[in-house]
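Take a look at this one; I'll ask things after.
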Amino acid sequence: MEKNLPKDAEIAALLPAYTCEGDVTRILLTNGTELVYRRTMRSTLQSLARRRCKDVTLLRRWARRYTHRTLNNPIAASADLVLVPVKTRRPRVEGDGTMAHVNVAAVARGTFRHKADDADRVKRKRRMSVDGAEKPAIIALVGGSELPVLWSEKTTLAHIREARHICSELVREEEEAVLRRIKP
């Protein structure tokens, strides 16, 4: 099944979805199209890591040194595919995946509020809901897709920032490896 997955640089986001066939993964591409991969999110992530001879658990553990968190760490499969986990749905039954994974290279304009909140943008610097909690964010992706996230904008931006740092470290390591090879 790994042969059916798009290239790392083509993936914008992986979304868990319910269909009549069960739990599947929707793959948003950077060109704006969408694929349905008939595997769970966990299986899809394992397939993406496996095609690079890597393990998802070890990739998350490696990311801990950059995030200093034990949960929801980015998955750095390659410099072109650093996946940021974000909560996008509530589970219907126990064990359902709730986290989508966004490729940090495909985040277009960052995050912003739901369109209904645009009217009070001028009134308050930090918009809050009735109960005092921040309202959910939307991530704009390359290709024109928008991904509503159940987390606050502050939390979402923090996760994206950490993943961008990891991505820059991977690029730096690749550049150093190339420079070592071309030095006489």
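Can you find, within the range 159-177, the residue that is farthest from Pro74 (Cα to Cα) among those that are of a type in the set (A, V, I, L, M) and out of contact with any strand residue (DSSP E or B) (no Cβ under 9 Å at 6 or more places or on another chain)?
Selected residue: Ala177.
Of the residues that sit in the range 18-54 and are of a type outside the set (A, V, I, L, M) and assigned to a helix (DSSP H, G or I), which one is farthest from Gly144 (Cα to Cα)?
Arg50
If you don't mind, there's one more thing I want to ask. Consider Val56 against the criteria (1) surrounded by fewer than 17 Cβ atoms within 10 Å (Cβ to Cβ); (2) without any contact (Cβ under 8 Å) to a residue 24 or more places away in the chain: it satisfies all of them except one. Which criterion is unmet?
(1)
Considering the range 61-75 alone, what residues qualify as being touching a Ser or Thr at 6+ places or on another chain (Cβ under 9 Å) and closer than 16 Å to Met99 by Cα?
Asn73, Pro74
Pick out the one residue from Ala13, Ala9 that is outside any loop (DSSP other than H, G, I, E, B), surrounded by fewer than 20 Cβ atoms within 10 Å (Cβ to Cβ), in contact with a helix residue (DSSP H, G or I) (Cβ under 9 Å, 6 or more places away or on another chain) and not hydroxyl-bearing (Ser, Thr, Tyr).
Going through Ala13, Ala9 in turn, the sole match is Ala9.
Kindly list the number of the only condition in (1) part of a strand (DSSP E or B); (2) modelled with pLDDT under 95; (3) within 16 Å of Ile138 (Cα to Cα) that fails for His101.
For His101, the failing item is (2).
List the pairs whose first member sits in the range 164-180 and is surrounded by 11 or more Cβ atoms within 10 Å (Cβ to Cβ), whose second member is of a type outside the set (Gly, Ala, Ser) and assigned to a helix (DSSP H, G or I), and whose Cβ atoms are under 6 Å apart, counting only residues at least 6 apart or on separate chains?
Arg164/Val104; His165/Tyr66; Ile166/Tyr66; Cys167/Val104
While we're on this one: Output the number of residues of the range 63-98 satisfying the condition of being part of a helix (DSSP H, G or I) and surrounded by fewer than 16 Cβ atoms within 10 Å (Cβ to Cβ).
Number of matching residues: 3.
Looking at Arg39, Arg26, which one is within 18 Å of Glu94 (Cα to Cα), surrounded by 14 or more Cβ atoms within 10 Å (Cβ to Cβ) and of a type in the set (Lys, Arg)?
Only one candidate passes the filter, namely Arg39.
The values are calculated or read from the model by the stated rules, or taken from the named source; none is laboratory data. Just so you know, these numbers come straight off a predicted model, no measurement behind them. With ideal geometry, Cβ positions are generated from the backbone for all residues, glycine too; neighbour counts draw on all protein chains shown.
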